[in-house]
Amino acid sequence: MATVIEKLFSLVGSLRPSTIEFVTSAGAEATGGEAFTAGVTIQGIQLKDNSNGKIKWLTFYGAGAGVGLGFPIGGSASTPDFPSFGSKILRGPTNWGQLELTDLIGGLGQIWAFSAAAGAGVGGSLVFFGCLVPPPLPPVVFKAALWVEGVVIASPGLGVMGYQGIWTLES
């Protein structure tokens, strides 16, 4: 079931469409702090390139900070079989040709994660590939972006985290 955010982001993604589409996601994060939090994450998204039929996992390794309410030490996790949905991929302002899966790896990546949980919960992430500006500046110059949301298992709480890291592609 797509949310309003996913539908809106897919509409924006249609303005500069890509042959790459979202398949599923998985990930884990650990956070610590009260009100202001710091954390680390490993997030994976499986994408399909419809131009050649290839399906690949991209993995994000990152660290970041944010704000939240909940236990002083928290975290969340999801596996590929948990329900997840992704918007159309938006080709960013630094991509003028056909977007390839290899265009999405290396360089700076950012994930802005939003979550609410009490055991089972929901999370949504605004995902950026190939950012040319480091945080805390917003990622206005990037190769591609998409919205991902899904079910998670997490410690009770709600929060917003901004992660900076790097994307890798399975071989």
Next on the checklist: At 0.36 nm per residue, and after removing the present C-alpha to C-alpha distance, how many nm does the segment from residue 153 to residue 94 gain when stretched out fully?
Outcome noted: 17.7 nm
Checklist outcome for this item: Taking Lys and Arg as +1 and Asp and Glu as -1, residues besides residue 54 with C-beta under 11 Å from its C-beta add up to -1
Checklist entry - For the pair residue 11 and residue 73, how long in nm is the line joining their label points, each one 7 Å along Cα→Cβ? => result 4.4 nm
Checklist entry - So, counting K/R as plus one and D/E as minus one, what does the shell of residues with Cβ under 15 Å around residue 17 add up to? => result +1
Next on the checklist: Looking at the chain as a GNM with Cα springs under 10 Å, which of 112, 57, 96 has the largest mean-square fluctuation?
Outcome noted: 96
Checklist outcome for this item: With only helices counted (DSSP H, runs n ≥ 4, each -39500 (n - 2.57)), the per-residue ellipticity at 222 nm for the chain, to the nearest 500, works out to -1500 deg cm²/dmol
Item to check | Given 7/56; 7/88; 56/88, the pairs whose alpha carbons are separated by over 18 Å | outcome: 7/56
Checklist entry - What is the gain in length, in nm to one decimal, between residue 19 and residue 168 on full extension, counting 0.36 nm per residue of separation less the C-alpha to C-alpha distance? => result 51.7 nm
Checklist outcome for this item: residue 152 neighbourhood, Cβ < 15 Å, K/R = +1, D/E = -1, net charge -3
Item to check | Residue order for 148, 140 - accessible surface, 1.4 angstrom probe, largest first | outcome: 140, 148
Checklist outcome for this item: Amide H proximity to residue 99 below 5 Å, modelled H, separation 5+ or other chain, gives 19
Item to check | Order by protection proxy (mean Cβ within 10 Å, highest first), peptides 80-90, 62-72 | outcome: 80-90, 62-72
Checklist entry - Roughly how many Å² is the accessible area per residue of the chain, as a whole number, for a 1.4 Å probe? => result 49 Å²
Checklist outcome for this item: Per residue convex hull volume, Cα only, region 36-76, in Å³ is 88 Å³
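The values are calculated or read from the model by the stated rules, or taken from the named source; none is laboratory data. Just so it is clear, the model here is predicted, and its values are computed rather than measured. Every residue, glycine as well, gets a Cβ built from its backbone with ideal geometry; the counts of neighbours run over all protein chains shown. Surface accessibility is based on the protein's heavy atoms, side chains included, excluding ligands, DNA and RNA. Shrake-Rupley method; radii C 1.70, N 1.55, O 1.52, S 1.80 Å.
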